[in-house]
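Q: I have a structure I would like to understand better, so I am pasting it below and will then ask my questions one at a time.
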Amino acid sequence: MAYLELDRVAKQFGAQTVVDDFSLAVGKGEFISFLGPSGCGKTTTLQMIAGFLDPTRGVIRLEGKDLTAIHPAKRGLGIVFQSYALFPHMTAAENVAFGLEMRKVARGERAERVRAALAMVGLAGYEDRHPRRMSGGQQQRVALARALVIKPSVLLLDEPLSNLDAKLREEMQIELRQIQRTIGTTTILVTHDQNEAMSLSDRIVVMSQGRIEQIATPQETYERPASAFVSQFLGKTNDFAATIDRTSAPARLIAGSWSAPAPAGLSGPVTVSIRPERIGFGDAGLTAKIVTRIFQGNHWLFQCESECGPAIVIRQNDGQSQPVEGEAVRLAWRPEDMSVRGASA
Amino acid sequence: MSTAAEERSARAPWALTAPALMLFVGVLLIPLAMTVMLSFHDWGQYKGIEPVFILKNWREIATDSYYAEMFGRTFRIAILTTLLTAVLGAPEAYILNRMSGRWKSFFLLVILGPLLISVVARTLGWALLFGGNNGLVNKLMMSAGLIRSPIPFMFTETGMVVALAHVMMPFMVLSVWAALQRLDPQIENAALSLGASPVTIIRRIIMPQIMPGVLSGAIIVFSLSASAFATPAIIGGRRLKVAATLAYDEFLNTLDWPLGAAVATLLLVALVLIVVGSNALIERRYAEVFR
Ligand SMILES: Nc1ncnc2c1ncn2[C@@H]1O[C@H](COP(=O)(O)OP(=O)(O)O)[C@@H](O)[C@H]1O
Ligand SMILES: [Mg+2]
């Protein structure tokens, strides 16, 4: 039974369809990410859940009840905005207390819950600071505490970490995940950062141009991308043109000098995609030449020119000697490490 | 490095600002100092201005209740005008800010309108609407039986406040508008998601954040209204004088320049004190919002 459900939701601004045919079932306590490039409609979808925008079509249900019929002030959702949208004239404690005040929580309980919420996000002792006197990371934590203190049924996060520097962002990711695990709030995170989506979520909704490309666990979206868009968007990948030859028996999939038994179903021209870390240097396989070799500490990155076009290969730095620039190599991979799509997809 | 070049580079800022500085000193500081000096000179019907140092004019202003009444009226009108522009202008700016593109620019033009029309034409327009028995509005309301006698407008403080508020409105709206631009565009949604009603959002979230804008608008409107000349001159005429029109009369009708200078100096000093004082107060009070 889905906790939060979006059923064929669509949003149009004038003639422009920004979100279309968006269906998603979120389980209670689940951490979902909306992942996609800027402008693909993530924020719009989130704002429809929050109630700041009305869907043009479709239904949004929370625990079976139609959410679109409920005024945004009554939905009881916790929202963290990209700009944090803290109240600059109030202290951190006053910011966090605001939602409780609106709920007429008694003064004593309010103070206790505000203190606990600020402590949870690691801001004990910052009660009387004003937001403009806090760093970006601290403001972010106040915003999170303000959203969580009202015990929201769903927590909505709109690119909450995108204004932080890389190191702080990583720390906050870990912390966010821990907090979410501890209190178990159903969470939807909007992000355009694939690492963030993969390291935080139970499931990822990959979006492109207002449509869902794939809904799956981080591992599945990475290993079994449902479309070329997904495989390109989530990390580096190699796409090679190949053909499936069913005239011979047994049928074979052929990419240049590399071949393997053909998978069932497809035939004719196809696209195979293989993650760079799944390609090895061997005695047989695609003929290629190393163009550049870049040392990146724990791994090596090779850019090659293969008979099927440019290819990238990542090898663990395991102490073994690695091919040098200009060297001719053969690229090989296990058939189960690649995904095969019809040539158009 | 040669000392000559050093000297030259040290002189350069002075040389470059000299023209503007001379203009400033020539057209502002010197006349101002002369006006202050003038206020200590003596004057008589037949002897004219005598360049002596006496406190006669200042004593007259301090003791004659006529001046107290006149300065009282000046500041009463300025305060009421400021309140009226704040009460009408702040919501006006808020609504304007929420309008969509095309309407926004249209209404912005409407609000700026008064600044584009000559003060004489604008004030006479009010006179045409409300002036005596022949004013358009008065005539209509009387013939409709709503009022028996015309609403007094000309030669009243109400008339001055209304006409002044009309022309001062753009300063208040633009000042509040500037404060609204600094708001986080999602701030209302944030409050809404926490369960705040529209009234609470305005009262607890929007108002405190635009208050600095309202107050700096108020300072502008107050100082311009207190020193306004044309509008009070047309609506109040010789009957209802304010500081500016009084100084004008002393200079050009009575020809008692020293007394006029004293009135003008007092107005200037009072305004500077009020503006500087309230500005300091505002900056202290709203330090968190201004940062
Ligand atoms: N209020 C609006 N009016 C018109 N178009 C809008 C509005 N809000 C968003 N859009 C358009 O909708 C598209 C998706 O926007 P958004 O949901 O903010 O994308 P994302 O959050 O994925 O970057 C963009 O092309 C944007 O220009
Ligand atoms: Mg967005």
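The values are calculated or read from the model by the stated rules, or taken from the named source; none is laboratory data. None of these values were measured; they are calculated from a predicted model. FYI the Cβ positions are ideal-geometry reconstructions off the backbone, even for glycines, and counts take in every protein chain you see. Protein only, heavy atoms only, side chains kept; ligands, DNA and RNA dropped before computing areas. Shrake-Rupley method; radii C 1.70, N 1.55, O 1.52, S 1.80 Å.
Q: Give the residues of segment B:120-142 that are open to solvent by 40 Å² or more (accessible area, probe 1.4 Å) and of a type in the set (S, T, N, Q), sorted by residue number.
A: If the condition is that a residue be open to solvent by 40 Å² or more (accessible area, probe 1.4 Å) and of a type in the set (S, T, N, Q), then B:Asn133, B:Asn134 are the ones that fit.
Q: Mind listing just one residue for me: the one in segment A:1-12 that is surrounded by fewer than 22 Cβ atoms within 10 Å (Cβ to Cβ) and within 15 Å of ligand 1 (Cβ to nearest atom) and, of those, nearest to the other protein chains (Cβ to nearest Cβ)? Break it down stepwise before answering.
A: Filtering segment A:1-12 for residues surrounded by fewer than 22 Cβ atoms within 10 Å (Cβ to Cβ) gives A:1-3, A:5, A:7-8, A:10, A:12.
Of the ones still in play, those that are also within 15 Å of ligand 1 (Cβ to nearest atom) are A:10, A:12.
Details: A:Ala10: 21, A:Gln12: 17 Å.
Among them, the one singled out is A:Gln12.
Q: Pairs please, first residue from segment A:171-193 and farther than 20 Å from A:Glu5 by Cα and among the charged types (D, E, K, R), second anywhere and within 16 Å of ligand 2 (Cβ to nearest atom) and assigned to a strand (DSSP E or B), Cβ atoms under 9 Å, 6+ apart in sequence or on different chains.
A: A:Asp193/A:Leu35
Q: Here's another thing I want to ask about it. Collect the residues in segment B:34-67 that are open to solvent by 90 Å² or more (accessible area, probe 1.4 Å) and more than 32 Å from the chain's Cα centre (by Cα), keeping them in residue-number order.
A: B:Gln45, B:Tyr46, B:Lys47, B:Pro51, B:Phe53
Q: Now for a different question. Could you tell me which residue of segment A:294-345 is nearest to A:Gly235 (Cα to Cα), considering only residues that are part of a strand (DSSP E or B) and of a type in the set (D, E, K, R)?
A: We begin by selecting, within segment A:294-345, every residue part of a strand (DSSP E or B); these are A:294-295, A:299-306, A:309-316, A:328-332, A:338-342.
Retained after the next criterion (residues that are of a type in the set (D, E, K, R)): A:305, A:315, A:330, A:341.
Details: A:Glu305: 20, A:Arg315: 15, A:Arg330: 23, A:Arg341: 18 Å.
That would be A:Arg315.
Q: Would you be able to say whether some residue in segment A:294-306 is surrounded by 16 or more Cβ atoms within 10 Å (Cβ to Cβ), more than 32 Å from the chain's Cα centre (by Cα) and not assigned by TED's automatic domain parsing to the domain that holds A:Pro225?
A: Looking through segment A:294-306, none of the residues is surrounded by 16 or more Cβ atoms within 10 Å (Cβ to Cβ), more than 32 Å from the chain's Cα centre (by Cα) and not assigned by TED's automatic domain parsing to the domain that holds A:Pro225.
Q: On the given criteria, is A:Leu161 out of contact with any Cys (no Cβ under 7 Å at 6 or more places or on another chain), open to solvent by less than 40 Å² (accessible area, probe 1.4 Å), within 16 Å of ligand 1 (Cβ to nearest atom) and within 14 Å of chain B (Cβ to nearest Cβ)? Walk me through how you get there before you give the answer.
A: Numbers: out of contact with any Cys (no Cβ under 7 Å at 6 or more places or on another chain): yes; open to solvent by less than 40 Å² (accessible area, probe 1.4 Å): yes; within 16 Å of ligand 1 (Cβ to nearest atom): yes; within 14 Å of chain B (Cβ to nearest Cβ): no.
So A:Leu161 does not fit the description; no.
Q: Could you grab the pairs with beta carbons closer than 9 Å, sequence gap of 6+ or different chains, first residue in segment A:72-88 and among the charged types (D, E, K, R), second one in a strand (DSSP E or B)?
A: Listed by first residue and then by second, the contacts come to A:Arg75/A:Leu62; A:Arg75/A:Val154.
Q: Does segment A:187-194 contain at least one residue that is within 14 Å of chain B (Cβ to nearest Cβ), surrounded by 15 or more Cβ atoms within 10 Å (Cβ to Cβ) and within 16 Å of ligand 1 (Cβ to nearest atom)? Before you say what the answer is, go through the steps one by one.
A: Quick first cut of segment A:187-194, residues within 14 Å of chain B (Cβ to nearest Cβ) only: A:188, A:190.
Narrowing the set further to residues that are surrounded by 15 or more Cβ atoms within 10 Å (Cβ to Cβ) leaves A:188, A:190.
Filter again for within 16 Å of ligand 1 (Cβ to nearest atom), leaving A:188, A:190.
Scanning segment A:187-194, I find at least one residue that is within 14 Å of chain B (Cβ to nearest Cβ), surrounded by 15 or more Cβ atoms within 10 Å (Cβ to Cβ) and within 16 Å of ligand 1 (Cβ to nearest atom), so the answer is yes.
Q: In addition: In this structure, is B:Phe229 more than 10 Å from chain A (Cβ to nearest Cβ) and surrounded by fewer than 21 Cβ atoms within 10 Å (Cβ to Cβ)?
A: Values: more than 10 Å from chain A (Cβ to nearest Cβ): yes; surrounded by fewer than 21 Cβ atoms within 10 Å (Cβ to Cβ): yes.
Considered against the rule, which asks whether it is more than 10 Å from chain A (Cβ to nearest Cβ) and surrounded by fewer than 21 Cβ atoms within 10 Å (Cβ to Cβ), B:Phe229 comes out as yes.
Q: Under 8 Å between Cβ atoms, which residue pairs at least 6 apart in sequence (or on different chains) link something in segment A:38-50 that is closer than 12 Å to A:Ile60 by Cα with a partner that is open to solvent by 10 Å² or more (accessible area, probe 1.4 Å) and near ligand 2 (Cβ under 9 Å from one of its atoms)?
A: A:Leu46/A:Asp158
Q: Can you find a residue in segment B:273-285 that is of a type in the set (Val, Ile, Thr), over 23 Å from the mean Cα position of the chain (by Cα) and in a helix (DSSP H, G or I)? First the steps, then the outcome.
A: At the first step, the residues of segment B:273-285 found to be of a type in the set (Val, Ile, Thr) are B:274-276, B:282.
Pick out the ones that are also over 23 Å from the mean Cα position of the chain (by Cα) and you get none.
No - not one qualifying residue is present in segment B:273-285.
Q: Take segment A:52-62 and flag every residue that is of a type in the set (Gly, Ala, Ser) and either within 14 Å of chain B (Cβ to nearest Cβ) or within 11 Å of ligand 1 (Cβ to nearest atom) (or both). Write out each step before concluding.
A: Applying the first criterion (of a type in the set (Gly, Ala, Ser)) to segment A:52-62 yields A:58.
If the condition is that a residue be of a type in the set (Gly, Ala, Ser) and either within 14 Å of chain B (Cβ to nearest Cβ) or within 11 Å of ligand 1 (Cβ to nearest atom) (or both), then no residue fits.
Q: What is the one condition in (1) within 14 Å of chain B (Cβ to nearest Cβ); (2) more than 16 Å from ligand 1 (Cβ to nearest atom); (3) out of contact with any helix residue (DSSP H, G or I) (no Cβ under 8 Å at 6 or more places or on another chain); (4) assigned to a loop (DSSP other than H, G, I, E, B) that A:Glu94 does not satisfy?
A: Just one mismatch for A:Glu94, condition (4).
Q: For the list (1) over 22 Å from B:Tyr286 (Cα atoms); (2) open to solvent by 20 Å² or more (accessible area, probe 1.4 Å), I need the number of the one condition that A:Glu94 fails.
A: A:Glu94 satisfies every listed condition except (1).
Q: In segment A:13-51, which residue that is within 14 Å of chain B (Cβ to nearest Cβ) and open to solvent by less than 40 Å² (accessible area, probe 1.4 Å) is farthest from A:Val205 (Cα to Cα)? Write out each step before concluding.
A: First, pick out the residues of segment A:13-51 that are within 14 Å of chain B (Cβ to nearest Cβ): A:13-14, A:43-44, A:46-51.
The next check asks that each one be open to solvent by less than 40 Å² (accessible area, probe 1.4 Å); those that pass are A:44, A:46-51.
On the way: A:Thr44: 14, A:Leu46: 12, A:Gln47: 16, A:Met48: 16, A:Ile49: 15, A:Ala50: 18, A:Gly51: 20 Å.
Looking at the filtered set, the residue picked out is A:Gly51.
Q: Any residue in segment B:70-87 that is farther than 21 Å from B:Leu174 by Cβ sitting within a Cβ distance under 9 Å of a residue that is β-branched (Val, Ile, Thr) and surrounded by fewer than 18 Cβ atoms within 10 Å (Cβ to Cβ)? List the pairs, counting only those 6 or more apart or interchain.
A: Here the result reads B:Phe75/B:Ile274, each pair linking segment B:70-87 to a residue that is β-branched (Val, Ile, Thr) and surrounded by fewer than 18 Cβ atoms within 10 Å (Cβ to Cβ).
Q: Looking at segment B:85-108, which of its residues are in a helix (DSSP H, G or I), small (Gly, Ala, Ser) and exposed (fewer than 13 other Cβ atoms within 10 Å of the Cβ)?
A: Here is the first cut: in segment B:85-108, the ones in a helix (DSSP H, G or I) are B:85-98, B:101-108.
With small (Gly, Ala, Ser) added as a condition, the list becomes B:86, B:89-90, B:93, B:101, B:105.
Correct list: B:Gly101, B:Ser105.
Q: Would it be correct to say that A:Val324 is crowded, with 18+ Cβ neighbours inside 10 Å and at pLDDT below 95? Can you show your working first?
A: Numbers: crowded, with 18+ Cβ neighbours inside 10 Å: no; at pLDDT below 95: yes.
No; evaluated as a whole, the condition is false for this residue.
Q: Mind telling me which of the residues B:Ser197, B:Ser193 ends up being at pLDDT 95 or above and open to solvent by 20 Å² or more (accessible area, probe 1.4 Å)?
A: Matching residue, one of B:Ser197, B:Ser193: B:Ser197.
Q: Oh, and also: Has segment A:201-219 got at least one residue that is within 14 Å of chain B (Cβ to nearest Cβ), within 16 Å of ligand 1 (Cβ to nearest atom), in contact with a Leu (Cβ under 8 Å, 6 or more places away or on another chain) and at pLDDT 90 or above? Give the steps one after another, and end with the answer.
A: Pass one, segment A:201-219, residues within 14 Å of chain B (Cβ to nearest Cβ): none.
Looking for residues that are within 14 Å of chain B (Cβ to nearest Cβ), within 16 Å of ligand 1 (Cβ to nearest atom), in contact with a Leu (Cβ under 8 Å, 6 or more places away or on another chain) and at pLDDT 90 or above, one finds none in segment A:201-219, hence no.
Q: Residues in segment A:63-81 that are within 7 Å of chain B (Cβ to nearest Cβ) and small (Gly, Ala, Ser): how many?
A: 1
One line per residue, one yes/no per condition, for (1) within 12 Å of chain B (Cβ to nearest Cβ); (2) open to solvent by 10 Å² or more (accessible area, probe 1.4 Å); (3) touching a residue at least 60 places away in the same chain (Cβ under 8 Å):
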residue: A:Arg113; (1), (2), (3): no, yes, no
residue: A:Pro131; (1), (2), (3): yes, no, no
residue: A:Arg141; (1), (2), (3): no, yes, no
residue: A:Ala147; (1), (2), (3): yes, no, yes
residue: A:Leu156; (1), (2), (3): yes, no, yes
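Q: Next question. Conditions first: (1) modelled with pLDDT of 95 or more; (2) over 17 Å from the mean Cα position of the chain (by Cα); (3) within 16 Å of ligand 2 (Cβ to nearest atom). A:Val80 passes all but one, so which condition is the exception?
A: With (1) modelled with pLDDT of 95 or more; (2) over 17 Å from the mean Cα position of the chain (by Cα); (3) within 16 Å of ligand 2 (Cβ to nearest atom) applied to A:Val80, the lone miss is (2).
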